[in-house]
Amino acid sequence: MSISRSKETGMNKPRTAGRDLRIEIARIIGCLIVIACHMKLSDYIGGGHDTSRLYISCLAADGVAVFWLILGCFLFSESNTYLSLIKRTVFRVAIPAAVLSVILFVWGDFIAGQKTFAESITGIQSADLKNALSTLIRWDNPLTGYGYLWYIYVYLLLMICFPLIKLFVTYIDATGKRSVIFLIISLCVLIINDVSLNEFAQFSHHAFNGVFPAAIEVIWGHLIWKNRDRITSFLDRIKTWKFIILPVLFFGLNAVRLIIQIQRYKLGMNNELLYWYSSIGLLCAVTVILSCLCIRVQENKKRGRLSSFLLFIAKHTFLIYLIHIPVRDLLSRFDLIAKTASFIRTEHWWGEIEYTILITLIIFILSLLISMLITGIKSLIKKAFAK
């Protein structure tokens with residue numbers, strides 16, 4: 001989903017047109033996890049928290065952490081100058097997000113079926129514009145009902161802070177010992193913050209409270225990618241066990257998260273452990289990246305249609321992220337999600353899983369089709385102006 005494409009800086013790793021298939025698969029998985037997080041059934045029912053639904057919430061909690069790790073894999077390459085990074089960020093992230101924000105600000109209620117097309121325009125008051133502006137000045141998302149766009153604001157701020165982060169990365173890259181110390185200290189910081197119920201660092205989805213944990217995860221991604229040869233060599237030595245160990249770690253860590261969160265709910269505590277900036281969230285995202293690095297891929301000329309298809313899907317993940325909530329609202333407007341759910345027995349845990357997977361895939365595919373349409377229109381416009 002991030003703008004830094006999968007460009008290899010290593011000597012012998014497979015790639016297609018500068019894109020590593022393994023990381024692009026991780027990008028798709030991260031996008032699916034994010035959508036599942038927003039589409040899953042509420043775990044709070046009947047005055048309490050349902051265990052199976054809460055476990056699904058745990059499994060779908062860390063899509064953003066996956067994206068931060070992916071960003072770190074390529075953000076600090078030598079070809080990334082600050083000027084080129086800012087330019088790509090503006091054209092590939094800021095402008096599309098701004099266009100969508102304007103559309104949602106004006107017609108968000110129309111998409112959700114709360115107003116007519118004309119009412120959405122005429123209903124805008126000067127006070128709405130002032131509130132939106134004051135919220136933007138605080139570097140926050142002004143759109144009610146579209147809180148997921150916080151990622152864009154944190155992402156932009158992270159790119160602005162790139163030179164400072166780059167200096168720190170250069171420092172810890174100087175020796176392997178510094179890298180190990182950073183991994184240990186940063187993980188300890190996240191663990192202490194989890195134990196303190198986020199009172200220690202007070203991470204959030206806003207401004208620098210979001211940039212700090214994001215930067216930690218980006219640097220983790222950088223270190224994983226930098227040492228990918230060693231990591232994949234170690235994983236190859238344990239052979240097929242890696243395909244058992246990594247999934248067991250992912251589901252096991254989330255089981256631990258589930259147990260802790262159940263106890264916290266009983267004590268009336270918050271659910272900060274279910275966010276991407278938790279220690280368990282980071283470790284779960286790492287297992288996703290490592291699992292994808294285990295995939296054996298062929299060289300460019302030998303790749304088949306499936307690889308090309310996955311690369312094609314991966315390049316649409318940012319737009320899919322941007323529009324998946326409006327797509328959900330549009331389906332809800334015509335009661336299509338509820339009608340789909342009526343065919344699934346969600347009173348059972350297997351029905352809850354079936355519902356989450358089905359709705360996630362529907363939203364993902366529809367968002368992909370819309371993204372393809374937008375990309376096609378954009379290409380036609382470019383060709384028209386190029387003549």
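Values computed for the structure shown
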| item | result |
| --- | --- |
| Filter result (surrounded by 21 or more Cβ atoms within 10 Å (Cβ to Cβ) and free of Cβ contacts under 8 Å to residues at least 60 places away in the same chain) within region 34-62 | 37, 43 |
| Out of 295, 259, 280, 289, sole residue that is among the β-branched types (Val, Ile, Thr), surrounded by fewer than 17 Cβ atoms within 10 Å (Cβ to Cβ) and in contact with a helix residue (DSSP H, G or I) (Cβ under 7 Å, 6 or more places away or on another chain) | 295 |
| Matching option when the condition is farther than 17 Å from residue 72 by Cα and buried (at least 18 other Cβ atoms within 10 Å of the Cβ), among 141, 131 | 141 |
| Some residue of region 102-116 being buried (at least 17 other Cβ atoms within 10 Å of the Cβ) and under 26 Å from residue 83 (Cβ atoms) | no |
| Checklist (1) closer than 24 Å to residue 45 by Cβ; (2) part of a helix (DSSP H, G or I); (3) in contact (Cβ under 8 Å) with a residue 24 or more places away in the chain applied to residue 346, failing item | (2) |
| Residue count, region 167-210 (criterion: of a type in the set (Phe, Trp, Tyr) and within 22 Å of the chain's Cα centre (by Cα)) | 2 |
| So residue 196, is it more than 28 Å from residue 272 (Cα to Cα), surrounded by fewer than 21 Cβ atoms within 10 Å (Cβ to Cβ) and among the hydroxyl-bearing types (Ser, Thr, Tyr) | no |
| Residues of region 182-240 satisfying the condition of being assigned to a helix (DSSP H, G or I), free of Cβ contacts under 8 Å to residues at least 60 places away in the same chain and acidic (Asp, Glu) | 236 |
| Residue match in region 347-355 (condition: loosely packed, with under 15 Cβ neighbours inside 10 Å, hydrophobic (A, V, I, L, M, F, W, C), over 20 Å from residue 33 (Cα atoms) and over 17 Å from the mean Cα position of the chain (by Cα)) | no |
| Sole residue being assigned to a helix (DSSP H, G or I) and surrounded by 14 or more Cβ atoms within 10 Å (Cβ to Cβ), chosen from 366, 380, 373 | 366 |
| Qualifying position, being in contact with a Gly (Cβ under 7 Å, 6 or more places away or on another chain) and touching a residue at least 24 places away in the same chain (Cβ under 8 Å), among 257, 333 | 333 |
| Conditions (1) closer than 28 Å to residue 32 by Cβ; (2) outside any loop (DSSP other than H, G, I, E, B); (3) in contact with a Ser or Thr (Cβ under 7 Å, 6 or more places away or on another chain); number of the one not met by residue 77 | (2) |
| Number of the exception - residue 252 against (1) farther than 27 Å from residue 151 by Cα; (2) touching a residue at least 60 places away in the same chain (Cβ under 8 Å) | (2) |
| Evaluation of residue 310 against (1) under 25 Å from residue 56 (Cα atoms); (2) surrounded by 12 or more Cβ atoms within 10 Å (Cβ to Cβ) (one fails), failing number | (1) |
| Tally of residues being closer than 13 Å to residue 362 by Cβ and not basic (Lys, Arg) across region 305-333 | 6 |
| Number of positions in region 207-244 that are under 30 Å from residue 147 (Cβ atoms) and among the polar types (S, T, N, Q) | 1 |
| Output for region 81-96, where each listed residue is assigned to a helix (DSSP H, G or I) and loosely packed, with under 12 Cβ neighbours inside 10 Å | 83, 84, 87, 91, 95 |
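Yes or no, residue by residue, for (1) within 29 Å of residue 51 (Cβ to Cβ); (2) touching a His at 6+ places or on another chain (Cβ under 6 Å); (3) exposed (fewer than 14 other Cβ atoms within 10 Å of the Cβ):
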residue	(1), (2), (3)
203	yes, no, no
222	no, no, no
234	no, no, yes
270	yes, no, yes
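To keep it simple, each residue is scored yes or no on (1) at pLDDT below 95; (2) closer than 24 Å to residue 221 by Cα.
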| position | (1), (2) |
| --- | --- |
| 257 | no, yes |
| 261 | no, no |
| 283 | no, yes |
| 298 | yes, yes |
| 307 | yes, yes |
| 317 | no, yes |
| 325 | no, no |
| 337 | yes, no |
| 346 | yes, no |
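The values are calculated or read from the model by the stated rules, or taken from the named source; none is laboratory data. Note that the structure is a prediction, hence the values are computed from the model and not measured. Every residue, glycine among them, receives a Cβ derived from its backbone with ideal geometry; neighbour counts consider all protein chains shown.
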